[in-house]
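Chemist: Supplied in structure tokens, the structure appears directly below.
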Amino acid sequence: MDFLVLFLLYVLLVLLSIFLVCVCSGRKQSLPSRAFTCVSRVISRIIPSQIQGVAHSLLHKFFHTRNCTFVVLHLILEALVYGEYTWEVFGYCRELEFSGFFLLLPYFLLLVNVGFFILCSKTDPGTITQHNQAVFVHAYPYDGMMFEKGVECATCKVRKPARSKHCGVCNCCVHRFDHHCVWVNNCIGAFNTRYFLIYLLTLTSMAASIAVITGAFLIQVVILSSLMQGHYTDGEGQEHPVDAFFLIQHLFLTFPRIVFMLGFVLVLSLILASYLCFTSYLVLTNQTSNEWFKSRRGTGPYAQQGNKQNSYKNIYSRGVWRNLGEIVKPLTSPAKKRR
């Protein structure tokens, strides 16, 4: 069962990498971030200060300044997955006479995904400046709890419109700020949220479609080879019918790269699908990630009003269809709001 141990270590490594990205790019006072800080303090007693300084500067560069590191990593991971899919899975599936449309679907999704990735990364999310602040200030009403009228950004020196936030990575205030996405190297705000949603949807569909096709290929191999009807001899010379563990190990030894890729895209599909569901919930209820986290953590003036969960009410939701319409056609002024 060495294979299962190796495969579990591989999955844990993937999950740990994603966890570290979320912690380092997330909010400082979250529970995972506090746990990460405690671990960092323990490690700091072991690692020399010179190495710590270099590591700190690198982490700051990666997570707190705009750079293309994660964009390049994003492209490398896609190239590796699609390279393996094209080199082995696609060819094997063609020999097994899989549907051409079924096999070409991941490539179509990739083309759409690249288009919306470019739109998401290049579109101005809604940068607020001295020249356009008056337009954005009247887009949304102040709720008097999470967003208060008359507040000025200490960095940008502009009036902060309701639902805006200063992004420390981009060093600007963004209209209807959702979050800063390192994978597209841009903030997600009022004017590129619609592109981000389609980008996320196609990215999830890409991972899921490749996982389904790869899984279907391996199942077809098992069926055609009649492996489930066979037997194997263990290390003690005893014969046993083929079970699921032996079958997985056999497939790994026969198609190691394909099985590793399948494990990766399966984990990725689950993570992306969960995040897509969360983002869809925010869209349908007209909330941003920033507002959702603030309301759960009790950030803002309402945090001192007693019950954190019950003291805040979302005044921006206007029904599912109007909330969706606001994503498609963002608000910038009351005039646009009435149309």
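The values are calculated or read from the model by the stated rules, or taken from the named source; none is laboratory data. Computed from a prediction, not measured in an experiment: that's the story for all the values here. Backbone-built Cβ (ideal geometry, glycine too); neighbour counts: all protein chains shown.
Chemist: Being under 18 Å from the mean Cα position of the chain (by Cα) and under 18 Å from ALA190 (Cβ atoms) is the filter here, so list the residues in region 260-290 that pass it.
Modeler: THR279, SER280, LEU282, VAL283, GLN287, THR288, SER289, ASN290
Chemist: Name the residue, out of PRO125, PRO141, that is in a loop (DSSP other than H, G, I, E, B), surrounded by fewer than 16 Cβ atoms within 10 Å (Cβ to Cβ), of a type outside the set (Lys, Arg) and in contact (Cβ under 8 Å) with a residue 60 or more places away in the chain.
Modeler: After ruling out the rest, the residue left standing is PRO141.
Chemist: While we're looking at this one, here's another question. Could you check GLY237 against (1) surrounded by 15 or more Cβ atoms within 10 Å (Cβ to Cβ); (2) at pLDDT below 90; (3) among the small types (Gly, Ala, Ser) and say which number it fails?
Modeler: Result: GLY237 fails condition (1) only.
Chemist: Inspect all residues belonging to region 184-199 and state whether any of them is modelled with pLDDT of 90 or more, within 24 Å of ARG296 (Cβ to Cβ) and assigned to a strand (DSSP E or B).
Modeler: Yes: one or more hits.
Chemist: What pairs come up if the first residue lies in region 280-294 and is more than 17 Å from ALA162 (Cβ to Cβ), the second is assigned to a helix (DSSP H, G or I) and β-branched (Val, Ile, Thr), and their beta carbons are under 7 Å apart, counting only those six or more places apart or on different chains?
Modeler: VAL283/ILE327; LEU284/VAL320
Chemist: What's the number of the condition SER205 fails, among (1) out of contact with any Phe, Trp or Tyr (no Cβ under 7 Å at 6 or more places or on another chain); (2) modelled with pLDDT under 90?
Modeler: (2)
Chemist: Right, here's the next one. If THR65 passes every condition in (1) exposed (fewer than 14 other Cβ atoms within 10 Å of the Cβ); (2) modelled with pLDDT under 55 but one, which one does it miss?
Modeler: Just one mismatch for THR65, condition (2).
Chemist: Ok, one more. Can you find a residue that is under 22 Å from ILE315 (Cβ atoms), more than 25 Å from the chain's Cα centre (by Cα) and β-branched (Val, Ile, Thr) anywhere in region 170-177?
Modeler: no
Chemist: Still on this model: Would a scan of region 326-334 turn up a residue that is of a type in the set (Lys, Arg), out of contact with any strand residue (DSSP E or B) (no Cβ under 8 Å at 6 or more places or on another chain), modelled with pLDDT of 90 or more and more than 30 Å from GLU84 (Cβ to Cβ)?
Modeler: yes
Chemist: Out of (1) within 20 Å of LEU324 (Cα to Cα); (2) assigned to a strand (DSSP E or B), what's the single condition that is false for CYS173?
Modeler: (1)
Chemist: Can you pull out every residue in region 87-109 that is assigned to a helix (DSSP H, G or I), touching a residue at least 60 places away in the same chain (Cβ under 8 Å) and either in contact with a Ser or Thr (Cβ under 6 Å, 6 or more places away or on another chain) or surrounded by fewer than 16 Cβ atoms within 10 Å (Cβ to Cβ) (or both)?
Modeler: VAL89, PHE102, LEU105, PRO106, LEU109
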